[in-house]
Amino acid sequence: MHLPANWQLPDEIKRRFGQKGAGKQRAMLAEGHLLLVLHKLPQPGSRQRQGIFFWRHPQGTWKCSEGGEGFPRLKKHLKDYSKAEQKLSQEYSQADGANNYFQILETLAPIHRAAKNMMDTLQAAREYVPEDREIIDLRDWAYDLDRTLDLLYTDVKNALEFDLAQRAEEQSRLSLESVRTAQRLNFLAAAFLPLTALCSLFGMNLPNGLEQSPLGFWLVLGLGVVLGILTQRWILLPSPKA
């Protein structure tokens with residue numbers, strides 16, 4: 001975006017623009033003319049920044065590069081950032097996981113940077129025109145926006161890191177539990193594998209009298225079931241907390 005052709009700005013200001021457009025946010029003063037170069041509210045997923053110009057005539061009147069009354073348009077420009085901050089704050093209050101926090105951060109980060117640069121621009125404008133109290137009010141508004149967005153960014157980032165830390169801790173606990181279970185299974189395998197091999201090789205068909213009684217069969221079966229349940233509970237027993 002370039003300066004409107006019908007704006008009668010001093011050449012000192014015009015010479016400070018390159019061929020690629022508005023450039024970074026900043027305030028410029030020459031011969032009593034104040035020009036604010038600001039960026040519109042960044043849109044999610046877009047790296048391009050749209051510039052907008054506000055020109056303050058030495059007599060105190062304002063103009064906007066997009067038409068309309070200059071000063072009301074400047075106030076609307078700040079209001080757009082304020083609405084975005086309120087929307088993001090509401091989304092943060094309703095977020096319930098890392099995915100939500102990450103999406104909020106993606107939208108919040110460029111808005112946060114743009115709001116900080118806008119505040120710095122209005123602070124420079126306030127120093128250029130110290131007698132204009134309207135600029136002071138706008139500067140204070142921008143300062144509040146920057147502080148609120150900074151706090152929101154910190155809160156969302158901390159919430160994301162806490163959620164990730166919780167998930168990592170839970171994953172670590174499950175991994176340790178899996179290792180403990182595997183160790184118990186390895187112990188059982190090491191204890192009974194030689195016995196199983198010997199039984200398979202030589203057989204264990206030794207007469208003991210129990211094979212003649214149905215009650216003996218059911219006693220051995222019941223004992224095996226009980227031992228199986230106890231072994232299963234021992235394997236799945238959670239590890240004691242440190």
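Throughout, read-outs are computed from the coordinates displayed, never taken from laboratory work. Keep in mind it's a predicted model, so treat the numbers as computed, not measured. Because the Cβ atoms are built from the backbone with ideal geometry, glycine has one as well, and the counts that use them run over all protein chains shown.
Label-to-label distance, ASP137 versus LEU230, with points set 7 angstrom from Cα along the beta-carbon direction: 8.4 nm. Subtracting the Cα-Cα distance of GLN86 and ALA168 from 0.36 nm times their residue separation leaves 26.4 nm of extension gain.
Taking GluC sites (Glu not before Pro) across segment 94-164, the ones in a DSSP loop with at most 12 further Cβ atoms lying within 10 angstrom of their Cβ are GLU131.
Using mean Cβ contacts within 10 Å as the protection proxy, how do 70-76, 168-174 order, highest first? Intermediate results must be reported in sequence, preceding the final value.
Details: 70-76: 16.1, 168-174: 10.4.
The densest-packed peptide leads the list: 70-76, 168-174.
When Rg and the Kirkwood radius Rh are both evaluated on Cα atoms of segment 11-168, their ratio Rg/Rh stands at 1.05.
Using packing as a proxy for protection, rank 111-123, 5-17 so that the peptide with the highest average count of other Cβ atoms within 10 Å comes first.
111-123, 5-17
Just to confirm my numbers, what's the Cα centroid distance between segment 105-165 and segment 34-101 in Å? Each part's Cα centre sits 11 Å from the other's. Rounded to the nearest whole Hz, the Karplus-based 3J(HN,Hα) values (6.51 cos²θ - 1.76 cosθ + 1.60, θ = phi - 60°) of segment 169-183 follow the sequence 5, 5, 5, 5, 5, 5, 5, 5, 5, 5, 5, 5, 5, 5, 5, with x at glycine and proline.
Which entries in the list LYS20/LYS83; LYS76/LYS157; LYS76/LYS116 go over 20 Å, if you measure between the two C-alpha atoms of each? Present the calculation step by step, with values, prior to reporting the outcome.
Details: LYS20/LYS83 30 Å; LYS76/LYS157 29 Å; LYS76/LYS116 17 Å.
Correct reply: LYS20/LYS83; LYS76/LYS157.
Provide the FRET efficiency to the nearest 0.05 for the ASN158-GLN48 pair, computing r from the beta carbons and using R0 = 35 Å. Computed FRET efficiency for ASN158 and GLN48 comes out at 0.70.
How much length is gained on full extension from GLU127 to VAL179, taking 0.36 nm per residue of separation minus their Cα-Cα distance? Present the calculation step by step, with values, prior to reporting the outcome.
Numbers: separation 52, 0.36 × 52 = 18.72 nm, distance 6.57 nm.
Gain in length upon complete extension: 12.2 nm.
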